[in-house]
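Okay, structure first, notes after.
Values quoted throughout were computed directly from the atomic coordinates according to the rules given, and no laboratory measurement underlies them. The structure presented is a predicted model; accordingly, all values stated were derived computationally and were not measured. No Cβ is skipped: glycine too gets one built from the backbone with ideal geometry, and neighbour counts run over all protein chains shown.
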Amino acid sequence: MQLWTHVVFGTAVGILGAKALGADPGLAYTVGLAVGTAAPNVDALLEIGRKHGATWVGQHGLGERGVTHSAVVVALLAGVAALAGVGVLWGLAVGWALHVVLDLWTKDGVQLLAPFSGEWYAAPPMTRLRPGRGGLVEGALLLVGGLVILAVYGPLLVEKLVR
């Protein structure tokens, strides 16, 4: 799944989730969401290192969709957010979790328990999105996510521009 799909759709789902819980998805939370939905893909840089001779990367769950895509990191972020009670940290934790959940529905899935286990987990084959890169499903996720964000923040943006 492409990075923009994670950011746009994940941010939209996080905003709707906050609203469903009666919370106001303020700017700090929304920025945290956007960063959190993108951040797990930092592991792609480690994967590039592995492909160029850094063999220790794959051996410790640090390769693509390894530890940065694990429930362990999501739990740690949620714990920090709960202790700190800061909106941007909650957004980061929720965004990170949404990224991992979206990647569960891709062909390869994720190493959900890395670094403790290298086992790969994915949604059952019949339920996977199979978005490919830039396919129809991915385009639909981007469109829906963009419309949600526009519906929530569009009026605020227009109000600021009109003043």
Cα-projected label distance for Lys107 with Val35, points at 7 Å along beta-carbon direction, nm: 3.3
Distance (nanometres) between label positions extended 7 Å along Cα→Cβ at Gln2 and Ala151: 2.3
R0 of 41 Å, Cβ-Cβ distance Leu27-Ala123: FRET efficiency to nearest 0.05: 0.80
Neighbour-count order for Arg65, Arg163, fewest beta carbons within 10 angstrom listed first: Arg163, Arg65
Calculated FRET value between Leu83 and Val137, using beta carbons and R₀ = 45 Å, to 0.05: 0.75
Efficiency of FRET between Leu16 and Phe116 - r from beta-carbon atoms, R0 35 angstrom, step 0.05: 0.65
Cβ-based exposure ranking for Leu136, Leu102, Leu147, Leu113, in which fewest neighbours within 10 Å come first: Leu136, Leu147, Leu113, Leu102
Protection-proxy order for peptides 9-18, 84-93, each taking the mean of Cβ atoms within 10 Å per residue, highest first: 9-18, 84-93
